[in-house]
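**Q** The structure follows.
Bear in mind that the values in this text are calculations on the coordinates, not laboratory data. For clarity, every value in this text was computed on a predicted model and none was experimentally measured. Here the Cβ is made from the backbone with ideal geometry for all residues, glycine too, and neighbour counts use every protein chain on show.
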Amino acid sequence: MTAKVGQKAPEFQMPSTKNLDTLDQVVRLSDYQGKWLVLFFYPLDFTFVCPTEIKGFDKRLDEFQKSGAEILGVSTDSVYSHKAWIKLPVADGGLGSLRYPLASDMTKSVARDYGVLIEEQGVALRGLFVIDPEGILRYSVISDLNVGRSVDETLRVVQAFQTGGLCPIDWHPGEQTL
């Protein structure tokens, strides 16, 4: 199954850092039923652009949650690599604490299902997907490896979809829909 906007999002089940001590909690699409999910793929742990995005989403997590949305980051690294990166101090190139889970797609099946896998490299492009509370994929943005995404735009898009209306360019909460 390949992810398509307007259709059911592909199911997934991946190990995660939901319990950073034991690494024994998997995440599934069904865990997010009834909530909006911002699912984003990043290429690799211990890189340069990725931590700016991961920490950027973490800084704004309260705003996403206030909007009824959760965040899930995914790469093809192991949960052990994720844990090491989270535990490593920021001054030493680590992420430091993180309030949402990172998932491990070591089989690369989820990245493949969502159309972001670079097969010959075994890593994911920067893919971002907004999935509604019923599991329908509402938004998809995929970009090359070297440019990070906008947390502001992602939050704006989630809030725009939640209006249920027609939102013009640069619409923001509190503004009229069409």
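**Q** By its C-alpha gyration tensor, with a ≥ b ≥ c as the square roots of the eigenvalues, how is segment 137-178 shaped: rounded for a/c under 1.5, else prolate for a/b larger than b/c, else oblate?
**A** Here segment 137-178 falls in the prolate category.
**Q** Extending each Cα 7 Å along its Cβ direction at residue 80 and residue 120, get the distance between those two points in nm, one decimal.
**A** Placing both labels 7 Å beyond Cα along the Cβ direction yields 3.0 nm.
**Q** Hey, what did segment 21-178 get for relative contact order, percent, Cα under 8 Å, at least 6 apart? Don't jump to the answer; show the numbers that get you there.
**A** Numbers: 255 pairs, mean separation 41.0, N = 158.
Dividing the mean separation by the residue count of segment 21-178 yields 26 percent.
**Q** Over the alpha-carbon set of segment 116-155, work out the extent along each principal axis and list the three values in angstrom, largest first.
**A** Principal axes ranked by extent give 34, 22, 9 Å for the Cα atoms.
**Q** Report the longest stretch of the chain that contains none of the GluC sites (Glu not before Pro) sitting in a DSSP loop with at most 15 other Cβ atoms within 10 Å. Could the numbers behind the result be given before it?
**A** Details: sites that count: 11, 119, 120, 134, 175.
Free of exposed loop sites, the longest segment is 12-118.
**Q** How do 156, 28 rank when sorted from fewest to most other Cβ atoms within 10 Å of their own Cβ?
**A** Working: 156 16, 28 13.
If I rank by nearby Cβ atoms, fewest first, I get 28, 156.
**Q** Right, another one. Using +1 on the beta carbon of Lys and Arg, -1 on that of Asp and Glu, and nothing else charged, what's the dipole of segment 1-120 about the Cα centre, debye to 20?
**A** On the way: 14 positive and 16 negative charges, 68 e Å.
Dipole of segment 1-120, to the nearest 20 debye: 320 debye.
**Q** Can you tell me the Rg and Dmax of the chain, counting just the alpha carbons, in angstroms?
**A** Cα radius of gyration and Dmax of the chain are 15.7, 49 Å respectively.
**Q** May I pose another question? Checking the cross-link filter: which aspartates and glutamates have an alpha carbon closer than 19 Å to that of residue 18, excluding same-chain neighbours under 8 positions apart?
**A** 31, 45, 53, 58, 62, 70, 77, 105
**Q** Still on this model: Mind pulling the per residue volume of the convex hull built on the Cα atoms of segment 57-150? Å³ is fine.
**A** 120 Å³
**Q** Let me ask something additional. Once the piece of chain linking residue 153 and residue 63 is laid out straight, how much longer is it, given 0.36 nm per residue of separation minus the C-alpha distance between them?
**A** In short, 31.1 nm is gained.
**Q** Using the 10 angstrom Cβ neighbour count as an exposure proxy, how do 82, 172 rank, fewest first?
**A** Working: 82 25, 172 11.
Going from least to most buried by this count: 172, 82.
**Q** Once you sort the root eigenvalues of the Cα gyration tensor of segment 29-109 as a ≥ b ≥ c, which label holds: rounded (a/c under 1.5), prolate (a/b larger than b/c) or oblate (the other case)? Display every interim value, and only then the final one.
**A** On the way: a/c = 2.19, a/b = 1.30, b/c = 1.68.
It comes out oblate by the Cα gyration axes.
**Q** Ok, one more. Would you compute, from DSSP H runs of 4+ residues alone, the mean residue ellipticity of the chain at 222 nm, taking -39500 (n - 2.57) per run and dividing by the full residue count, rounded to the nearest 500? All intermediate terms of the calculation are to be shown ahead of the outcome.
**A** Values: 5 runs with 43 residues, N = 178.
The per-residue figure over the chain is -6500 deg cm²/dmol.
**Q** Compute the signed sum of charges (Lys and Arg +1, Asp and Glu -1) over the other residues within less than 11 Å, Cβ to Cβ, of residue 21.
**A** Working: positive: 18, 83, 87; negative: 24.
Summing Lys and Arg as +1 and Asp and Glu as -1 gives +2.
**Q** To continue, here is another question. Report the FRET efficiency, 1/(1 + (r/R0)^6), for residue 87 and residue 13, where r is their Cβ-Cβ distance and R0 is 35 Å, rounded to 0.05. All intermediate terms of the calculation are to be shown ahead of the outcome.
**A** Working: r = 25 Å, r/R0 = 0.70.
Efficiency, rounded to the nearest 0.05: 0.90.
**Q** OK, next. Give me the one-decimal nm value for the distance between modelled label points at residue 46 and residue 136, 7 Å along each residue's Cα-to-Cβ direction.
**A** A separation of 4.3 nm, rounded to one decimal place.
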